[in-house]
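Each remark here refers to the structure printed beneath this line.
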Amino acid sequence: MTVSADTFTYVADLVRRRSAIQLGAGKEYLVESRLLPLVRQAGLAGVDEYVKSLRNVPHSADHDRVVDALTTNETSWFRDVAPFQALTGHVLPALIQNSPGLTSLRVWSAACSTGQEPYSIAMALLAAAPDLCVKITATDISQKVLARGRAGRYSQLEINRGLPAQTFVRHFTRAGTEWELSDQVRSMVTFSQHNLLHTPPAGGPFDIIFLRNVLIYFDIQTRGEVLRSVRRALLPSGFLLLGAVEATFGIDDSWETVSVGRGSVYTPTKSGKTQGEP
Amino acid sequence: MRALVIDDSRTMRHIVADILEELGFSTTQAGNGREALDLLEAGETYDLACIDWNMPVMDGFEFVAAVHARPEWRDLTLIMVTTEGELGQIVRALTAGAHEYVIKPFTSDAIASKLQLLGLLPAGEPI
């Protein structure tokens, strides 16, 4: 099944006008796969029929949904891979070395969206250290994405993005057209609403904080405020993991880079003072 | 890097091949497992094979098992790309030697993320 040339041209034009993103020839599959959930919601038979209904009106909320569906880079499991390799290959061993007999770990997954990051952390730590008691605080500003995270149910398209097949068969079961995460993994994660510019969430102080692909959306001054707030929520021996293109350098000098291959991993400087503090 | 795309649907082969080519692979297409096996037996080498399950002549499961049985082909990374979405089928494919599994329908970032997991695309880079 694929979309007709007419449908593709209409959707590509719509997306280009609204977002400046070009959907070139060969992207028919993308249009089909991203719009199928909308088609099902509308109770229609196919993408062609859905797009035909859009063409009859000049503008509707459905037009916005189509643009969103094709331009949103949705979150994935074990996103970028390297941070999770750093988590189990360096961060966890370092924490165990610093605290022999370590029995529990507190992790904060900030801006967790629909839950793929905190659940990936849970599954990675469960495989690497099954006896450790891991408590993950997952926060986001949006109640809508938090509700999805709490539900622990994901579509086939979401499951395909980055979830290793071995991990998938171990932790998921089918629930109708969706897949449901095991109680064991879900019980490791607590979701709560939180604004990064406010006081850190309950559940800390944390051994590990994931703050990935968030700072890029803020101006330099706000990035500094967020990093200082995060610094206060992290234990002195803890680790901060940022996104692949993010760094603390030039924003807040109270962090040291940890050398772990391609991961963006930081630890608080030993002085413990945050830039700008007396 | 060279990839072999095995699917009896020409449309599907083109979709998968386009995604892989965008990611920097050169691709060869085969219409079933037997055709793909013939290429390997003729001495062609590939880094990756994306394999449909249900195909005439030789299906994807048989192809994976045949490749797995030949030590000289052990460097070939095998990803099943199929509509077969039952957990039992996935376990069966992994046990037979498949390294990863993508269920149709999928988006291009699904393939890219699996290639990152398998070390065929660099980790640490957004996709």
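At a glance:
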{"quantity": "All-pairs alpha carbon distance profile, region B:2-111, 5 Å steps from 0, percent", "calculated": "2, 13, 26, 28, 20, 9, 2"}
{"quantity": "Radius 14 Å from Cβ of residue B:31, net charge of other residues (Lys, Arg +1; Asp, Glu -1)", "calculated": "-3"}
{"quantity": "Calculated FRET efficiency for the pair residue A:127/residue A:269, C-beta based, R₀ 41 Å, to 0.05", "calculated": "0.85"}
{"quantity": "Residue with peak Gaussian network fluctuation, chain B [Cα springs, cutoff 10 Å], from B:48, B:20, B:39", "calculated": "B:39"}
{"quantity": "Simple spin-label estimate for residue A:60 and residue A:259 in nanometres, 7 Å along Cα-Cβ", "calculated": "6.0 nm"}
{"quantity": "Three principal axis lengths of region A:5-71 [C-alpha, angstrom, descending]", "calculated": "28, 24, 19"}
{"quantity": "Projected label distance in nm at residue B:22 and residue A:219, using a 7 Å step from Cα toward the beta-carbon", "calculated": "3.5 nm"}
{"quantity": "log₁₀ of I(q)/I(0) at q = 0.25 Å⁻¹ - region B:56-125, Debye sum with one point per alpha carbon", "calculated": "-1.19"}
{"quantity": "DSSP-loop trypsin sites (Lys or Arg not before Pro) across region B:1-106, with at most 16 other Cβ within 10 angstrom", "calculated": "B:74"}
{"quantity": "Full-extension gain in nm, residue A:232 to residue A:45, via 0.36 nm per residue minus C-alpha separation", "calculated": "62.0 nm"}
{"quantity": "Centroid-to-centroid separation of region A:105-130 and region A:186-262 [C-alpha atoms, Å]", "calculated": "15 Å"}
{"quantity": "Summed residue charge, Cβ within 14 Å of residue B:90's Cβ, Lys/Arg positive, Asp/Glu negative", "calculated": "+2"}
{"quantity": "Average projection area in nm² (convex hull over Cα atoms of region A:1-143, one quarter of hull surface)", "calculated": "11.6 nm²"}
{"quantity": "Loop trypsin sites (Lys or Arg not before Pro), region A:169-278 (other Cβ atoms within 10 Å of the site Cβ: 10 or fewer; DSSP)", "calculated": "A:270"}
{"quantity": "Structure-based [θ]222 nm, chain A - -39500 (n - 2.57) summed over DSSP H runs of at least 4, per residue, nearest 500", "calculated": "-11500 deg cm²/dmol"}
{"quantity": "Mean projected area (nm²) of the alpha-carbon convex hull when chain A is viewed from all directions", "calculated": "16.7 nm²"}
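Each reported figure results from applying straightforward, stated rules to the coordinates on display, with no laboratory input. From a predicted model like this one, the values you see are computed outputs, not experimental measurements. Positions of Cβ are generated from backbone atoms using ideal geometry, with glycine treated the same way; all protein chains shown enter the neighbour counts.
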